[in-house]
Amino acid sequence: MPLHPAPLSIRPVLAAAAPTLVLTLASTVVPGHTRMSYPDIMGCERTCEVTAAGLPLPFIADYPGLSPANSASLTGAIFGLDRVLWGRSVGALAFWLVVSAAGVWGLRLRSSRPAP
């Protein structure tokens, strides 16, 4: 008799995906700094330190001269005033996915234990 893998349930995937998105977006309120290169801005051709937002790595960076000085936000990124650092945003999503999946796994493990 051939062994078939258990069907993948979409419910645990959605249970981890929703908090992942919320946590990643919420992390943009955490201020920070990062080094960026802006060839079109004098003084930042090679690199300069700018205000950034995001956790665990800043993934939204201030664009000097476009956005209000020393601010980086999700709203600014949506309107094109700040830069989204896509590689770092994928890293932040992966980080929060691991955190969310661990939480979902822990809750499922806890709820599957028999009551004493």
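What follows is calculated from the coordinates using simple rules that are stated; it is not laboratory data. A quick note: this is a predicted structure, and the numbers were derived from the prediction, not measured. No Cβ is skipped: glycine too gets one built from the backbone with ideal geometry, and neighbour counts run over all protein chains shown.
Yes/no matrix, rows are residues, columns are (1) surrounded by 12 or more Cβ atoms within 10 Å (Cβ to Cβ); (2) within 12 Å of the chain's Cα centre (by Cα); (3) closer than 28 Å to residue 106 by Cβ:
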residue: 25; (1), (2), (3): yes, yes, yes
residue: 45; (1), (2), (3): no, no, no
residue: 55; (1), (2), (3): yes, yes, yes
residue: 82; (1), (2), (3): yes, no, no
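Restricted to region 84-109, and to residues there that are of a type in the set (A, V, I, L, M) and touching a residue at least 60 places away in the same chain (Cβ under 8 Å), the residue that is surrounded by the most Cβ atoms within 10 Å (Cβ to Cβ) is 92. Based on this model, can you work out whether residue 47 counts as free of Cβ contacts under 8 Å to residues at least 12 places away in the same chain and polar (S, T, N, Q)? No, not satisfied. Each residue in region 78-98 was checked for being touching a Ser or Thr at 6+ places or on another chain (Cβ under 8 Å) and of a type outside the set (Ser, Thr, Tyr), and 7 pass.
The numbered conditions (1) of a type in the set (A, V, I, L, M, F, W, C); (2) without any contact (Cβ under 8 Å) to a residue 60 or more places away in the chain; (3) surrounded by 17 or more Cβ atoms within 10 Å (Cβ to Cβ) are all true for residue 69 except (3).
Of everything in region 30-43 that's within 16 Å of the chain's Cα centre (by Cα) and either within 13 Å of residue 84 (Cα to Cα) or without any contact (Cβ under 8 Å) to a residue 40 or more places away in the chain (or both), which residue is surrounded by the most Cβ atoms within 10 Å (Cβ to Cβ)? Give the steps one after another, and end with the answer.
Of the residues in region 30-43, the ones within 16 Å of the chain's Cα centre (by Cα) are 30-34.
When the remaining residues are screened for being either within 13 Å of residue 84 (Cα to Cα) or without any contact (Cβ under 8 Å) to a residue 40 or more places away in the chain (or both), the result is 30, 32-34.
Numbers: 30: 12, 32: 17, 33: 15, 34: 20.
Top of the filtered list is 34.
I'd like to check something: does region 54-64 contain any residue that is without any contact (Cβ under 8 Å) to a residue 12 or more places away in the chain and more than 19 Å from residue 91 (Cα to Cα)? Spell out how you get there, then give the answer.
Here is the first cut: in region 54-64, the ones without any contact (Cβ under 8 Å) to a residue 12 or more places away in the chain are none.
Within region 54-64, not a single residue is without any contact (Cβ under 8 Å) to a residue 12 or more places away in the chain and more than 19 Å from residue 91 (Cα to Cα).
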